1. Taking the chain as the reference, fit the longest principal axis to its C-alpha atoms, fit the long axis of helix 107-116 to the helix C-alpha atoms, and give the angle between the two in degrees, 0 to 90, nearest 10.
2. Given a Förster radius of 45 Å and the C-beta distance between residue 167 and residue 108 as r, what FRET efficiency does 1/(1 + (r/R0)^6) yield to the nearest 0.05?
3. At a Förster distance of 22 Å, what's the computed FRET efficiency of residue 133 paired with residue 6, Cβ-Cβ distance as r, to 0.05?
4. Quick check: pseudo-label points 7 Å beyond the Cα along Cα→Cβ at residue 188 and residue 125, how many nm apart are they?
5. Indicate the gyration tensor shape class of segment 142-183 (rounded, prolate or oblate), computed on the Cα atoms with a ≥ b ≥ c the square roots of the eigenvalues: a/c under 1.5 is rounded; otherwise a/b larger than b/c is prolate and the rest oblate.
6. Once you have the Cα-Cα distance between residue 28 and residue 91, take 0.36 nm times their residue separation minus that, and quote the gain in nm to one decimal.
7. Mind checking the full-extension length gain between residue 101 and residue 146? Use 0.36 nm per residue of separation minus the Cα-Cα distance, one decimal, nm.
8. Please state the relative contact order of segment 2-117 as a whole percent: Cα pairs under 8 Å, 6+ residues apart?
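Bear in mind these aren't lab numbers, they're just calculated from the coordinates by the rules spelled out. Source: prediction; values computed, not measured. All Cβ positions, glycine included, derive from the backbone under ideal geometry; neighbour counts span all protein chains shown.
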């Protein structure tokens, strides 16, 4: 659990009592690869912090094509924020890609922590701001960069994920078919 507390303490300073309160309000669970933490059309009642392993969020369109929105590995948060905030059914699946240990915070316990440790709101506000910036950057990249440039940016930004995430899922994340991704990767390796 020190990874969670270290992650929080990078942004705000917690007292030992506050750290204990946080630990008392979260649940830690191991998950096997391919486990689903959330299915589309469910209401998300939790947010997840990755202690170990890799997780992804994705949706499936009407043509049964997966679109990967986000990857999360050690020290990252993941969730269906639309559903979590609005308390309406979401459209994301959250799946474990690599065996994982995950810290789960329910919305109810999250609210308790906000009341008891008000500075946690600052921590989560900063996370939300960083997420908004990353999503905006990704949207602009998807509109303005070539597939090769998006892949190169993914590799430089997330070098630890390259070997841990299936190529099919990386292809989906950068917005290309697996077949195109294979050909593109072969071309890049020849350079």
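1. Taking Cα atoms only, the helix is inclined about 50 degrees.
2. Computed FRET efficiency for residue 167 and residue 108: 0.70.
3. 0.50
4. Result: 3.8 nm between the two label points.
5. Oblate, because a/c is 1.5 or more while a/b does not exceed b/c.
6. Separation in residues times 0.36 nm, less the Cα-Cα distance, equals 20.2 nm.
7. That pair, residue 101 and residue 146, stretches by 12.7 nm at full extension.
8. After rounding, I find 37 percent.
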